[in-house]
Structure formats: structure tokens, C-alpha cells
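Okay, so here's the structure we're looking at.
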Amino acid sequence: MLKERVTATLVANAGVLVEYNGVRLLVDGLHHEEGHPFSKVPEETLGRMMDGVDPYASIDYVFFTHEHPDHFTPACAADYLKRQPVKGLFLPAQVSDDSARLYDDAQGRSIFCKRFGLAPGEMERCVLADGVEAAGLGARHMGPQFRNVRNDCILLTLGGSNLLFTGDADHVPEFYEEALSDVVLDAVFVNPLFFHHPKGRAVINEIFRPRYLAIYHVPFEQDDDLQFGKLVARDIERHGRPDVQTRVLQAEGQTLEIAPRPR
Ligand SMILES: [Zn+2]
Ligand SMILES: [Zn+2]
């Protein structure tokens, strides 16, 4: 059955499966690497994706905000393209050899493939299907050690609802102010550090102004050695706003349903 409501379901870390009207889009949802404190996509889940088993059957478009191992494993994505009929792939502009190969591979299979390559604050839109659009919004990664890493925020427009996935983008107003000046955001996904920082919350409250705020990129409870879950709970208690529906996405399968905007 086609779902006319937009749903966003957590896969792992910043991996989210979005569904609207029979179209499925996966953001930052193909990774399986060690060496970071966040959760990788579980083996079993990856298996279901590769085999096209629900809820991961028939994913139409795959997006990545940036090439860090907790968001994007090029080898996983390459496997996925071999196994499932993806319509389009959106890759970060700054690439490793692995992701350059993935790009060539996708092109060889005549899969629509896009590298946004956007400067911070720059936005580019693509129409994907009837009532379905995707845009990249250029930003820089947060944290001084990643100053040179670009992070493309992904804006999905689904039947009039706008969902923004910020990945690990930094909370710099100039990245968002102008590009989003005519966009009414229904749901915004930010990581715990974005929400924790007063500058991050200022961007959320003054520029994004979403109806739904999802804090994602939180390790699964069993992986949460650094206790991001507690940090987020405390921040919501202190800084949550009554006019914004704020949700923490920390467990696989948790779903945020975006109700249509009141007219
Ligand atoms: Zn990152
Ligand atoms: Zn990350």
C-alpha cells in the first residue's frame, strides 16, 4: 500500500530510510566499519538491504552527506548497487579512490549519479519523481579537526513536506540562512553536538524553525559508551521547546511520521 504520509525510520547512526507515496530514499544508511564510537549498520540489516527484504526492499535513491565511516562505506554501497535496482545515487564531492570507483561503477550501470560539490551555503535541487525532490545544501563538517571536510546537507521535498538531514554539518548560520530563506522546514535531523551547542540551537530556533526536530547520530544503547543518549535527554529537558516535537532516534526501526502541515 502506498503511504501518503512521510515517514522517516532510523537504520543506524545517521542512517535514515524515508518513505513517501511508494518512493523510498536512504540517507547515510550503508556503512559497516569499526574504529569510531558510533553504531554501524548491523550485519543482519545490511543482509536485508542486499536481499531487498522489507522494510528495506525497493530503495529508489541513496544519499550520503560525507565520506566518514559512520555514514558511508563505499564498498557496501557498491555491493548494494550490484544487488538492487537503485534509480539514483548522490555522493559527496570529496572522494576517496573507493568512492570514485563507486561513481564509475554506477555510471557504467547507467544509474543516475550525482556529486553535488557545493560550496557552503550553496544549494542545488533535483526532481526525482512526481512530488519528490532532493537538494544538496553545501556545508562544512563540524569540529576543528574536520575543517576541510565538506558535508552536504540533504533536503528532501516530499509532497510539500520538507525534511533536512544535516549529517555532521557545522552550526554556522551563513550556511543556511539564505539558502533556506524560502523553505518551510517540517522536520530537521541534527546530531547531538549540533543540539548541545548554543549556536546550534540558535540555528535550529531562528533559521530552521521546524515542526519536528529529530536528534539522530546517537549510538544504539548497547554501543553508547560515551553516553550520548544521556547528553541528549538532558539537553531536551533543558532546552526543548513546547512548539517543536522533539524526538531522539536511537534504536533501529524507530519511526517519525510527519503529519501534513496545518493549512
Ligand atoms: Zn563525519
Ligand atoms: Zn558522523
Using only the Cα atoms, work out Rg/Rh for the stretch 7-113, with Rh taken as the Kirkwood radius, to two decimals. 0.93
Take the Cα gyration tensor of the stretch 69-219, multiply each eigenvalue by 5, square-root it, and list the three semi-axes largest first, rounded to whole angstrom. 26, 18, 14
Calculated FRET efficiency, A75 and D54, Cβ-Cβ r, R0 30 Å, to nearest 0.05? 0.80
Low-density loop cleavage sites - GluC sites (Glu not before Pro) in the stretch 1-69, where at most 16 other Cβ are within 10 Å (DSSP): E4, E33, E34
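Counting only helical runs of four or more DSSP H residues, what would the 222 nm mean residue ellipticity of the chain come to if each run contributes -39,500 (n - 2.57) and the total is spread over all its residues?
Details: 7 runs with 57 residues, N = 263.
Computed ellipticity for the chain at 222 nm equals -6000 deg cm²/dmol.
Can you tell me the FRET efficiency between K87 and R234 if r is taken as the Cβ-Cβ distance and R0 is 45 Å, rounded to the nearest 0.05? Don't skip to the end; give the middle numbers.
Details: r = 41 Å, r/R0 = 0.92.
Working from the Cβ atoms, E equals 0.60.
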What is the extension gain from S96 to A202, computed as 0.36 nm multiplied by their sequence separation minus the C-alpha to C-alpha distance, in nm to one decimal? 34.8 nm
Shape call for the chain, from the Cα gyration tensor axes a ≥ b ≥ c (a/c under 1.5 means rounded, otherwise prolate when a/b beats b/c, else oblate), comes out rounded
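Rounding to the nearest 20 debye, state how big the charge dipole of the stretch 60-219 is about its Cα centre with +1 on each Lys and Arg Cβ and -1 on each Asp and Glu Cβ. If you can, show how the numbers build up before the last one.
Details: 15 positive and 21 negative charges, 45 e Å.
Rounded to the nearest 20 debye, it is 220 debye.
Computed from the coordinates by the stated procedures, all read-outs in this text should not be read as laboratory data. All of these numbers come straight from a predicted model, not from anything done at the bench. As a convention, Cβ positions derive from the backbone with ideal geometry for all residues, glycine included, and neighbour counts pool all protein chains shown.
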